[in-house]
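Data block below; observations after.
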Amino acid sequence: MSRCWLALVEGPAKGADAAAPAFTADGHPAGTLAAWRRRAKPVRDALRVDERLIDPKGGATWISLVLPPPGMRLPFDDPAVQQARRLVLLHPSAAAVSTLLRDDSHFEGSITVAHSTAQKHRLRDDPFARIFPARLLAVDAGVLGAVPPPTGPTIERYGSGNPWPWDRFA
(Lines give C-alpha, C1' and ligand atoms only; values in the text may rest on other atoms or scores of the structure.)
Protein backbone atom coordinates (compact mmCIF):
# COMPACT_ATOMS: atom_id res chain seq x y z
CA MET A 1 0.00 0.00 0.00
CA SER A 2 1.29 3.44 -0.83
CA ARG A 3 0.85 6.26 1.68
CA CYS A 4 -2.25 8.41 1.45
CA TRP A 5 -2.78 11.48 3.58
CA LEU A 6 -5.97 13.36 4.50
CA ALA A 7 -6.38 16.78 6.11
CA LEU A 8 -8.98 19.47 6.58
CA VAL A 9 -7.04 22.63 5.66
CA GLU A 10 -7.87 26.30 5.42
CA GLY A 11 -7.63 27.75 1.93
CA PRO A 12 -6.42 25.86 -1.13
CA ALA A 13 -4.75 22.47 -0.71
CA LYS A 14 -1.46 22.81 -2.55
CA GLY A 15 -0.45 19.76 -4.54
CA ALA A 16 -3.43 17.66 -3.42
CA ASP A 17 -4.50 14.71 -5.57
CA ALA A 18 -8.12 15.33 -4.58
CA ALA A 19 -9.73 18.22 -2.73
CA ALA A 20 -13.15 19.73 -2.13
CA PRO A 21 -14.68 22.44 0.06
CA ALA A 22 -16.24 21.30 3.33
CA PHE A 23 -19.13 22.93 5.18
CA THR A 24 -20.72 22.64 8.61
CA ALA A 25 -24.24 21.26 8.87
CA ASP A 26 -25.62 24.82 8.86
CA GLY A 27 -23.72 25.72 5.68
CA HIS A 28 -20.73 27.65 7.03
CA PRO A 29 -17.33 27.03 5.37
CA ALA A 30 -15.20 24.54 7.32
CA GLY A 31 -12.11 24.43 5.09
CA THR A 32 -10.95 22.15 2.31
CA LEU A 33 -10.86 18.38 2.69
CA ALA A 34 -7.77 17.26 0.80
CA ALA A 35 -5.94 14.04 0.05
CA TRP A 36 -2.41 13.43 -1.14
CA ARG A 37 -0.98 10.15 -2.44
CA ARG A 38 2.71 10.37 -1.57
CA ARG A 39 5.19 9.01 0.91
CA ALA A 40 6.05 12.31 2.63
CA LYS A 41 3.53 14.04 4.87
CA PRO A 42 2.20 17.03 2.86
CA VAL A 43 0.95 19.30 5.69
CA ARG A 44 1.41 19.31 9.45
CA ASP A 45 -2.11 18.11 10.33
CA ALA A 46 -2.31 15.39 7.67
CA LEU A 47 -3.15 11.88 8.83
CA ARG A 48 -2.83 8.59 6.98
CA VAL A 49 -6.09 7.27 5.55
CA ASP A 50 -7.13 4.15 3.60
CA GLU A 51 -6.36 5.30 0.07
CA ARG A 52 -9.36 3.43 -1.34
CA LEU A 53 -11.63 6.18 0.08
CA ILE A 54 -10.05 8.81 -2.14
CA ASP A 55 -11.85 9.32 -5.45
CA PRO A 56 -11.38 12.58 -7.38
CA LYS A 57 -14.53 11.63 -9.34
CA GLY A 58 -16.55 10.94 -6.19
CA GLY A 59 -19.81 12.75 -5.57
CA ALA A 60 -20.79 15.11 -2.79
CA THR A 61 -20.84 13.46 0.65
CA TRP A 62 -21.49 13.93 4.30
CA ILE A 63 -18.75 12.88 6.70
CA SER A 64 -18.25 12.28 10.38
CA LEU A 65 -14.70 13.44 11.09
CA VAL A 66 -13.46 12.28 14.49
CA LEU A 67 -10.24 13.85 15.74
CA PRO A 68 -8.67 13.76 19.21
CA PRO A 69 -8.15 16.92 21.23
CA PRO A 70 -4.64 18.41 20.80
CA GLY A 71 -1.98 16.40 22.61
CA MET A 72 -4.23 13.37 23.15
CA ARG A 73 -3.00 9.99 21.88
CA LEU A 74 -4.78 6.66 22.27
CA PRO A 75 -3.25 3.23 21.59
CA PHE A 76 -4.95 1.43 18.72
CA ASP A 77 -5.57 -1.59 20.94
CA ASP A 78 -7.47 0.48 23.54
CA PRO A 79 -10.78 -1.30 24.31
CA ALA A 80 -12.79 1.76 23.20
CA VAL A 81 -11.17 1.71 19.74
CA GLN A 82 -11.66 -2.03 19.41
CA GLN A 83 -15.33 -1.72 20.42
CA ALA A 84 -15.90 1.07 17.87
CA ARG A 85 -14.41 -1.17 15.17
CA ARG A 86 -16.72 -4.02 16.23
CA LEU A 87 -19.75 -1.72 16.01
CA VAL A 88 -18.75 -0.56 12.52
CA LEU A 89 -18.58 -4.20 11.43
CA LEU A 90 -21.90 -5.01 13.14
CA HIS A 91 -23.76 -2.18 11.35
CA PRO A 92 -22.01 -1.60 7.99
CA SER A 93 -24.18 1.26 6.75
CA ALA A 94 -21.59 3.84 5.67
CA ALA A 95 -20.33 4.31 2.12
CA ALA A 96 -16.78 4.15 3.52
CA VAL A 97 -14.89 4.27 6.81
CA SER A 98 -11.22 4.57 7.75
CA THR A 99 -9.26 5.17 10.87
CA LEU A 100 -6.67 7.95 10.72
CA LEU A 101 -3.05 7.41 11.73
CA ARG A 102 0.18 9.28 12.44
CA ASP A 103 2.15 6.15 13.29
CA ASP A 104 1.60 2.41 13.39
CA SER A 105 0.24 2.09 16.93
CA HIS A 106 -2.00 5.07 17.80
CA PHE A 107 -5.60 5.84 16.90
CA GLU A 108 -5.61 9.46 15.70
CA GLY A 109 -9.22 9.65 14.55
CA SER A 110 -11.56 8.38 11.86
CA ILE A 111 -13.60 9.41 8.86
CA THR A 112 -16.97 7.91 8.02
CA VAL A 113 -18.51 8.74 4.64
CA ALA A 114 -22.23 8.90 3.78
CA HIS A 115 -23.58 9.28 0.25
CA SER A 116 -27.29 8.73 0.90
CA THR A 117 -29.76 10.45 3.22
CA ALA A 118 -30.17 7.21 5.22
CA GLN A 119 -26.40 6.94 5.67
CA LYS A 120 -26.21 10.63 6.65
CA HIS A 121 -28.66 10.12 9.52
CA ARG A 122 -26.56 7.23 10.84
CA LEU A 123 -23.48 9.48 11.05
CA ARG A 124 -24.95 10.93 14.25
CA ASP A 125 -24.33 7.52 15.85
CA ASP A 126 -20.74 7.11 14.61
CA PRO A 127 -19.12 4.55 16.96
CA PHE A 128 -15.81 6.43 16.82
CA ALA A 129 -17.56 9.58 18.10
CA ARG A 130 -17.88 7.78 21.43
CA ILE A 131 -14.10 8.06 21.74
CA PHE A 132 -13.48 11.63 20.58
CA PRO A 133 -15.87 14.36 19.37
CA ALA A 134 -17.10 14.17 15.78
CA ARG A 135 -17.65 17.00 13.31
CA LEU A 136 -20.45 16.41 10.82
CA LEU A 137 -19.47 18.06 7.56
CA ALA A 138 -20.83 18.29 4.03
CA VAL A 139 -18.08 17.83 1.44
CA ASP A 140 -18.45 18.85 -2.20
CA ALA A 141 -17.73 16.38 -5.01
CA GLY A 142 -14.18 15.53 -5.93
CA VAL A 143 -12.52 13.81 -3.02
CA LEU A 144 -14.39 10.83 -1.49
CA GLY A 145 -15.82 7.64 -2.95
CA ALA A 146 -17.28 4.41 -1.59
CA VAL A 147 -15.50 1.30 -0.31
CA PRO A 148 -17.16 -2.06 0.42
CA PRO A 149 -17.34 -2.90 4.13
CA PRO A 150 -14.49 -5.05 5.43
CA THR A 151 -14.94 -8.71 6.27
CA GLY A 152 -13.36 -8.16 9.66
CA PRO A 153 -10.66 -6.26 11.50
CA THR A 154 -7.01 -6.82 10.72
CA ILE A 155 -4.64 -8.12 13.34
CA GLU A 156 -2.49 -5.15 14.31
CA ARG A 157 0.76 -7.03 14.65
CA TYR A 158 0.52 -7.86 10.93
CA GLY A 159 -1.32 -4.88 9.52
CA SER A 160 -0.88 -1.93 11.86
CA GLY A 161 1.03 0.05 9.27
CA ASN A 162 -2.23 0.51 7.37
CA PRO A 163 -5.31 2.50 8.38
CA TRP A 164 -8.18 0.19 9.28
CA PRO A 165 -10.12 -1.34 7.51
CA TRP A 166 -7.43 -2.83 5.34
CA ASP A 167 -8.49 -6.31 4.25
CA ARG A 168 -5.32 -7.75 2.77
CA PHE A 169 -1.57 -7.85 3.29
CA ALA A 170 1.17 -7.01 0.80
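The values are calculated or read from the model by the stated rules, or taken from the named source; none is laboratory data. Just so it is clear, the model here is predicted, and its values are computed rather than measured. As a convention, Cβ positions derive from the backbone with ideal geometry for all residues, glycine included, and neighbour counts pool all protein chains shown.
What the table below lists for this structure:
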read-out: Some residue of the stretch 35-47 being in contact with a Ser or Thr (Cβ under 6 Å, 6 or more places away or on another chain) and small (Gly, Ala, Ser); value: no
read-out: Residue match in the stretch 20-30 (condition: surrounded by 13 or more Cβ atoms within 10 Å (Cβ to Cβ), farther than 25 Å from Arg122 by Cα, modelled with pLDDT of 95 or more and not hydroxyl-bearing (Ser, Thr, Tyr)); value: no
read-out: Candidate set: the stretch 123-139, residues that are surrounded by fewer than 17 Cβ atoms within 10 Å (Cβ to Cβ) and out of contact with any Leu (no Cβ under 6 Å at 6 or more places or on another chain); chosen: the one farthest from Leu89 (Cα to Cα); value: Pro133
read-out: Per-region count, the stretch 3-41, residues among the polar types (S, T, N, Q) and either closer than 20 Å to Leu53 by Cβ or in a loop (DSSP other than H, G, I, E, B) (or both); value: 1
read-out: Search result, residues across the stretch 31-60 that are at pLDDT below 95 and either small (Gly, Ala, Ser) or touching a helix residue (DSSP H, G or I) at 6+ places or on another chain (Cβ under 8 Å) (or both); value: Ala40
read-out: Evaluation of Val147 against (1) modelled with pLDDT of 95 or more; (2) among the hydrophobic types (A, V, I, L, M, F, W, C); (3) assigned to a loop (DSSP other than H, G, I, E, B) (one fails), failing number; value: (1)
